[in-house]
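Asker: If you scroll down you'll find the structure; I have some questions about it.
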Amino acid sequence: MSDAHVSLAEARKRLEELTDRPGRLAETLDVDDLSYRTGIPAATVAALLAGGSVPETGLGERVRQRLDFVRETRRRPDGKRYSLDELARIAGTSRQWLSEWRTSGLPSLEHADRIRRHFDLPAGFLTADDAEALHAALQPVLRELEAKTDPLAPLRTPGFYRLARRAPHMSPRKLQALAEWAEMVTERNSPGDDDL
């Protein structure tokens, strides 16, 4: 089993604990959103979330699939699909080269990165294997669920620990000021409030 599959299995286990839905993550999580963010077909996302295995695809095939996925799912501002000419322009190449990529699946790193940046795709979107891509997409979901389960989790950072270690040496006035600051920083923002 590859490192990506091991990491995905660990993330899946933790998500099942947090959601209390063992074996039912595909019913709990937004499979379509995970598919959109990873370039992996929804059925493959569901299978991986259920702990199943999916056939491995070679790098060239993955790149072809993900380029086609981007073309099908990302739209121009007017809602229409990007033409091959437009994608070629975004990539900084010709339509002929783009057509070649779609058959060989191997754009240059520079051209692939231009497409990735234009569509604000995560690093590795075109090349990551399915388990690796899904594991990366699940990380924000995990953080959000863990924060709901343990509201103090975001405060467990080195900076807060350094402040806590100083507390025994602070005056009551400074401790009160620190407590007020912590209250202000951790209160929920209303829409439109500025973050610090």
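To keep it simple, each residue is scored yes or no on (1) in contact with a Pro (Cβ under 8 Å, 6 or more places away or on another chain); (2) over 14 Å from Asp129 (Cα atoms); (3) outside the structural domain of Leu142 (by TED's automatic domain parsing).
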{"site": "Thr19", "(1), (2), (3)": "no, yes, no"}
{"site": "Thr28", "(1), (2), (3)": "no, yes, no"}
{"site": "Tyr36", "(1), (2), (3)": "no, yes, no"}
{"site": "Ile40", "(1), (2), (3)": "no, no, no"}
{"site": "Ala47", "(1), (2), (3)": "no, yes, no"}
{"site": "Glu72", "(1), (2), (3)": "no, yes, yes"}
{"site": "Ala88", "(1), (2), (3)": "no, yes, yes"}
{"site": "Gln96", "(1), (2), (3)": "no, yes, yes"}
{"site": "Ser99", "(1), (2), (3)": "no, yes, yes"}
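Asker: I'd like the full set of residues that are hydroxyl-bearing (Ser, Thr, Tyr) and farther than 22 Å from Ala123 by Cα, limited to segment 64-109. Walk me through it before giving the result.
Answerer: To start, the set of residues in segment 64-109 that are hydroxyl-bearing (Ser, Thr, Tyr) comprises 73, 82-83, 93-94, 99, 103-104, 108.
Answer for segment 64-109, where residues must be hydroxyl-bearing (Ser, Thr, Tyr) and farther than 22 Å from Ala123 by Cα: Ser83, Ser94, Ser99, Thr103.
Asker: Could you please give the count of residues in segment 86-101 that are touching a helix residue (DSSP H, G or I) at 6+ places or on another chain (Cβ under 6 Å) and not aliphatic (A, V, I, L, M)?
Answerer: Residues meeting the conditions: 4.
This table checks each residue for (1) under 30 Å from Glu16 (Cβ atoms); (2) part of a loop (DSSP other than H, G, I, E, B); (3) among the polar types (S, T, N, Q); (4) at pLDDT 90 or above.
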| residue | (1), (2), (3), (4) |
| --- | --- |
| Pro107 | no, yes, no, no |
| Arg143 | yes, no, no, no |
| Glu183 | no, no, no, no |
| Arg188 | yes, yes, no, no |
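Asker: Of everything in segment 97-153, what is on the phi > 0 side of the Ramachandran plot and touching a residue at least 24 places away in the same chain (Cβ under 8 Å)? Give them in sequence order. Quick ask: steps written out before the conclusion?
Answerer: Our first condition is that a residue be on the phi > 0 side of the Ramachandran plot; within segment 97-153, this holds for 105, 120, 124.
Once the filter is applied, which keeps residues that are on the phi > 0 side of the Ramachandran plot and touching a residue at least 24 places away in the same chain (Cβ under 8 Å), segment 97-153 yields only Gly105.
The values are calculated or read from the model by the stated rules, or taken from the named source; none is laboratory data. Note that this is a predicted model, so its numbers are computed, not measured. Using ideal geometry, Cβ is built from the backbone for each residue, glycine included, and neighbour counts are taken over all protein chains shown.
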